[in-house]
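The block underneath contains the structure these notes are about, expressed in structure tokens.
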Amino acid sequence: MSKATLQRGVQILKEQIDAPTAAYFSSCVHCGMCAEACLFYTETGDPAYTPINKLEPMRRLWEQEYTLVGRIKKLIGLSQPITDEELGEWSDLVYHACSLCGRCSMVCPVGNDISYMIRNIREGISAAGHAPEGLIGATTRAVEIGSPMGITLHALQTQARNIKESSGLEIPFDQEGVDYLVLLSSMEVINFPEYLEAIARIFKQAGKSWTISSEAFEATNSGIQIGTSDIARELVSRVVEAAEKFKVNTVISPECGHAYTAIRWDGPNLMGRRFPFRVKHIIEVLDELRAEGLLKVEGIEDSCMTFHDPCQLVRKGGVIEQPRNLLNMVATNFVEMEDHGAMNWCCGAGGGVSAIEEAADIRLKAFNRKKSQLDQLQVDTLVTACANCRIQLEEGLEENDMEIPVVGLTEMLADHLVEDQP
Amino acid sequence: MNSAEFLLWVRGPGLNIAMAIFIIGMLIRLLEIFMLGRKRNLAELRGNGVSAGLRTIFTRSAPPDKNSLRRSIFTYVAGYSFHIGLLVVIFLLTPHIQLLQSLLGFAWPALPTPVVDLFTVIAMISLMALLWRRLTHPVVRYLSTSQDYLIWAATFLPLLTGYMSYHHLWFPYSWLLGVHILTAEFLLILFPFTRLTHAFTLIISRWYTGMMAGEKGVAS
């Protein structure tokens with residue numbers, strides 16, 4: 001990465017402006033509807049958090065560089081150049097108060113994909129040196145250690161040994177010619193070790209072979225969150241190299257939202273080539289196993305459950321039906337939140353927000369949206385399929401004295417697995 | 001200049017100048033957008049981007065769901081009635097069709113003028129409601145710039161002067177008609193250089209958003 005300066009930030013930001021961006025800025029009529037779709041606005045009432053406002057420096061740059069009138073204004077000194085302070089100020093808006101959830105892009109009446117642009121403005125702000133400390137730290141650890149939370153291979157191997165000791169299940173590392181390359185998120189390794197055991201049991205029952213790569217086990221991509229494509233590319237390339245080395249058909253993204261987006265959609269574009277393997281979210285894979293009759297479960301949960309849709313899965317990933325199909329295998333009392341599926345509300349911590357310490361207050365305020373959704377339902381259990389959502393949901397519920405356990409869907413299914421007869 | 005000379009000018013050279021600026025300006029704007037291009041998507045596609053893009057051009061005119069409609073009900077109602085009123089007035093009033101026929105070479109049936117008059121009133125009331133919202137709603141007020149007020153006035157004036165001409169209000173008809181045409185020309189001249197471009201570019205925006213979503217197999 002080159003040295004962060006305003007000049008570099010502006011240059012990088014300029015490079016982000018493409019035809020869709022120009023069409024979007026030409027179309028916005030300042031109607032304010034995007035604010036109503038954004039939980040950072042609805043839960044704070046601060047108009048600065050209106051999604052389209054988070055793009056103001058980028059809009060001005062577009063006007064100054066790519067429109068006739070803007071260029072004339074610039075020539076005769078009528079336009080305001082972008083300043084370093086301004087980018088610093090906007091850093092709070094685009095990193096602390098945006099989880100890239102994409103809800104604003106669904107409601108904009110002129111059809112602007114606002115979150116697409118916020119993802120891109122982050123490239124410029126980070127190149128100018130205004131990315132939040134927390135994300136810089138996570139990104140540095142991801143590059144140097146291989147995981148944004150600093151999880152080493154050794155820690156993962158220890159966990160694999162523990163699983164072997166307690167359940168007898170082998171966690172395969174670096175196997176060639178298997179069906180799946182399984183990726184994990186650090187959050188899971190640290191907080192939800194049950195996930196790894198769950199997939200080991202499910203794949204064993206389904207008769208699928210799989211492996212973890214000791215060089216590329218981390219699925220999350222801080223480069224995407226902070227908005228530095230060079231780093232995002234480096235992190236994705238580790239996974240691609242491992243998948244090609246082990247000649248797998250499918251790479252499985254873990255219960256994480258942005259990791260899926262990073263590898264499934266951004267990955268090939270970052271690498272500049274198509275992948276010789278497919279990328280699926282674990283929930284997609286499990287639903288395929290279900291459809292093929294390879295996922296055999298027993299026992300039914302009769303407690304009242306609802307599902308929190310990870311934004312990156314529903315609005316960016318198109319994985320909406322699959323978790324519901326799976327839940328209905330083991331739950332009889334499944335209810336939907338008022339806004340669910342494509343119009344779900346974010347947990348408040350996606351898109352890197354959870355890695356930013358200074359954003360803790362606003363992140364918990366944003367959780368109030370989820371709280372009011374849950375208050376309407378009075379469920380016994382909250383199921384989700386993203387470790388990052390899960391941490392935020394647990395923290396938000398605790399903060400609000402709500403005693404609702406949060407469960408990962410994969411683990412819940414593993415708990416109901418029909419044990420193979422020897 | 002008497003009223004006849006004035007009317008002659010706005011109908012002749014004035015209109016030509018305005019139309020030229022509008023057409024050339026919009027062509028430049030569209031060129032500016034498309035010349036920026038866009039990177040090819042190399043990810044394995046899950047759906048057809050083209051059909052989703054085309055579909056979104058139309059579907060985005062409606063709110064995505066009931067709750068989003070409820071949250072922005074004022075903007076939806078006022079926005080719809082303004083746009084419908086405006087489009088009816090522009091395209092279904094006999095003299096407007098005659099003008100467009102002289103430019104395009106073909107015509108279409110008009111609505112009875114008193115009906116169009118009603119739509120004019122609806123458009124003006126809606127536009128005033130939207131201005132009131134712009135001045136009072138914290139978000140819209142925060143977002144608004146001087147350009148938003150300028151294009152509000154530029155849109156309101158042709159409606160008002162058209163209404164006044166039809167009802168022969170306060171001023172001699174020929175002057176009113178001349179001023180009405182002049183305000184419409186002012187709107188045309190502002191068009192390519194302001195947010196008024198949304199009337200055309202929203203098709204491009206919806207297309208790109210719909211296409212990118214369709215390739216991922218997600219809703220748009």
Worksheet item: Taking only pairs six or more apart or across chains, which ones have beta-carbon atoms under 7 Å, a first residue in segment B:83-104 that is surrounded by 14 or more Cβ atoms within 10 Å (Cβ to Cβ), and a second residue that is part of a helix (DSSP H, G or I) and among the aromatic types (Phe, Trp, Tyr)?
Response: B:85/B:119; B:88/B:119; B:89/B:119
Worksheet item: Of the conditions (1) more than 10 Å from every other protein chain (Cβ to nearest Cβ); (2) part of a helix (DSSP H, G or I); (3) closer than 22 Å to residue B:162 by Cα, residue B:107 fails just one. Which one is it?
Response: (2)
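Filter segment A:59-107 for residues that are among the small types (Gly, Ala, Ser) and either closer than 30 Å to residue A:310 by Cα or touching a residue at least 60 places away in the same chain (Cβ under 8 Å) (or both) and give the result.
As a first pass, look at segment A:59-107 and keep what is among the small types (Gly, Ala, Ser): A:70, A:77, A:79, A:88, A:91, A:97, A:99, A:102, A:105.
Within segment A:59-107, A:88, A:91, A:97, A:99, A:102, A:105 qualify.
Taking the condition out of contact with any Pro (no Cβ under 7 Å at 6 or more places or on another chain) and in contact (Cβ under 8 Å) with a residue 60 or more places away in the chain, does residue B:121 pass?
So residue B:121 fails the test.
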Worksheet entry | Complete set of residues in segment A:301-345 that are free of Cβ contacts under 8 Å to residues at least 60 places away in the same chain, surrounded by fewer than 20 Cβ atoms within 10 Å (Cβ to Cβ) and more than 12 Å from every other protein chain (Cβ to nearest Cβ) | A:302, A:324, A:325, A:328, A:332, A:333, A:334, A:335, A:336
Practice prompt. Would you check if there is a residue in segment A:18-29 being under 27 Å from the mean Cα position of the chain (by Cα), polar (S, T, N, Q) and at pLDDT 95 or above?
Written response: yes
Worksheet item: Could we say that residue B:172 is surrounded by fewer than 18 Cβ atoms within 10 Å (Cβ to Cβ), within 30 Å of residue B:12 (Cβ to Cβ), more than 8 Å from chain A (Cβ to nearest Cβ) and in contact (Cβ under 8 Å) with a residue 24 or more places away in the chain here?
Response: yes
Worksheet item: What's the number of the condition residue A:129 fails, among (1) without any contact (Cβ under 8 Å) to a residue 40 or more places away in the chain; (2) assigned to a loop (DSSP other than H, G, I, E, B); (3) within 22 Å of residue A:94 (Cα to Cα)?
Response: (1)
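The rows are residues; the columns are (1) over 22 Å from the mean Cα position of the chain (by Cα); (2) modelled with pLDDT of 95 or more.
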position	(1), (2)
B:122	no, yes
B:159	no, yes
B:164	no, no
B:168	yes, no
B:178	no, no
B:189	no, yes
B:199	no, yes
Worksheet item: Can you find even one residue in segment A:82-99 that is more than 28 Å from the chain's Cα centre (by Cα), within 14 Å of chain B (Cβ to nearest Cβ) and buried (at least 18 other Cβ atoms within 10 Å of the Cβ)?
Response: no
Worksheet item: Given the conditions (1) within 15 Å of residue A:410 (Cα to Cα); (2) in a helix (DSSP H, G or I); (3) among the charged types (D, E, K, R), which single one is not true for residue A:358?
Response: (1)
Discussion item. So, residue B:76, is that one hydroxyl-bearing (Ser, Thr, Tyr), surrounded by 15 or more Cβ atoms within 10 Å (Cβ to Cβ) and in a helix (DSSP H, G or I) or not?
Written reply: yes
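Quick one: in segment A:12-24, which of the residues that are at the interface with another protein chain (Cβ under 9 Å from one of its Cβ atoms) and not acidic (Asp, Glu) is farthest from residue B:196 (Cα to Cα)?
In the first step, residues of segment A:12-24 are kept if they are at the interface with another protein chain (Cβ under 9 Å from one of its Cβ atoms); the result is A:17-24.
Restricting the remaining residues to those that are not acidic (Asp, Glu) gives A:17, A:19-24.
Values: A:17: 21, A:19: 18, A:20: 18, A:21: 17, A:22: 14, A:23: 13, A:24: 13 Å.
Only one residue fits best here, namely A:17.
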Worksheet entry | segment A:346-378, residues that are within 15 Å of residue A:305 (Cβ to Cβ) and within 14 Å of chain B (Cβ to nearest Cβ) | A:373, A:376
Worksheet item: Name the residues in segment A:272-296 that are in contact (Cβ under 8 Å) with a residue 24 or more places away in the chain, facing chain B (nearest Cβ under 10 Å) and touching a helix residue (DSSP H, G or I) at 6+ places or on another chain (Cβ under 6 Å), would you?
Response: A:275, A:277, A:279
Discussion item. For the structure I just gave you, tell me whether residue A:401 is in a loop (DSSP other than H, G, I, E, B) and either within 17 Å of the chain's Cα centre (by Cα) or surrounded by fewer than 19 Cβ atoms within 10 Å (Cβ to Cβ) (or both).
Written reply: yes
Worksheet entry | From B:17, B:90, B:57, residue being within 28 Å of residue B:128 (Cα to Cα), more than 10 Å from every other protein chain (Cβ to nearest Cβ) and either acidic (Asp, Glu) or touching a helix residue (DSSP H, G or I) at 6+ places or on another chain (Cβ under 8 Å) (or both) | B:90
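Which one is farthest from the other protein chains (Cβ to nearest Cβ), of the residues in segment A:67-81 that are in contact with a Phe, Trp or Tyr (Cβ under 9 Å, 6 or more places away or on another chain) and part of a helix (DSSP H, G or I)?
Initially, segment A:67-81 is screened for residues in contact with a Phe, Trp or Tyr (Cβ under 9 Å, 6 or more places away or on another chain), giving A:67-70.
Imposing the further condition that a residue be part of a helix (DSSP H, G or I) reduces the set to A:68-70.
Working: A:68: 6, A:69: 5, A:70: 10 Å.
That would be A:70.
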Worksheet item: Within segment A:31-54, is there a residue that is surrounded by fewer than 22 Cβ atoms within 10 Å (Cβ to Cβ), β-branched (Val, Ile, Thr) and more than 10 Å from chain B (Cβ to nearest Cβ)?
Response: yes
Worksheet, complete the sentence: If you go through B:117, B:148, the only one that is within 13 Å of chain A (Cβ to nearest Cβ) and part of a helix (DSSP H, G or I) is B:148
Worksheet entry | Filtered residues of segment B:1-19 (kept if modelled with pLDDT of 90 or more and hydroxyl-bearing (Ser, Thr, Tyr)) | none
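Test residue B:56 against the stated conditions and say whether it is surrounded by 17 or more Cβ atoms within 10 Å (Cβ to Cβ), modelled with pLDDT of 95 or more, closer than 30 Å to residue A:279 by Cα and among the hydroxyl-bearing types (Ser, Thr, Tyr).
It is true that residue B:56 is surrounded by 17 or more Cβ atoms within 10 Å (Cβ to Cβ), modelled with pLDDT of 95 or more, closer than 30 Å to residue A:279 by Cα and among the hydroxyl-bearing types (Ser, Thr, Tyr).
Filter segment B:182-207 down to residues that are farther than 30 Å from residue B:14 by Cα and touching a Gly at 6+ places or on another chain (Cβ under 7 Å) and give me whichever is farthest from the other protein chains (Cβ to nearest Cβ). Even if it seems obvious, please write down each step before you answer.
Let us first name the residues in segment B:182-207 that are farther than 30 Å from residue B:14 by Cα, namely B:204-207.
Next, from what is left, pick out any that are touching a Gly at 6+ places or on another chain (Cβ under 7 Å): B:205-207.
Numbers: B:205: 4, B:206: 3, B:207: 8 Å.
Applying the filter and picking the extreme gives B:207.
The values are calculated or read from the model by the stated rules, or taken from the named source; none is laboratory data. Everything numeric in this text was worked out from a predicted model, so none of it was measured. Cβ: placed from backbone, ideal geometry, glycine included. Neighbour counts: every protein chain shown.
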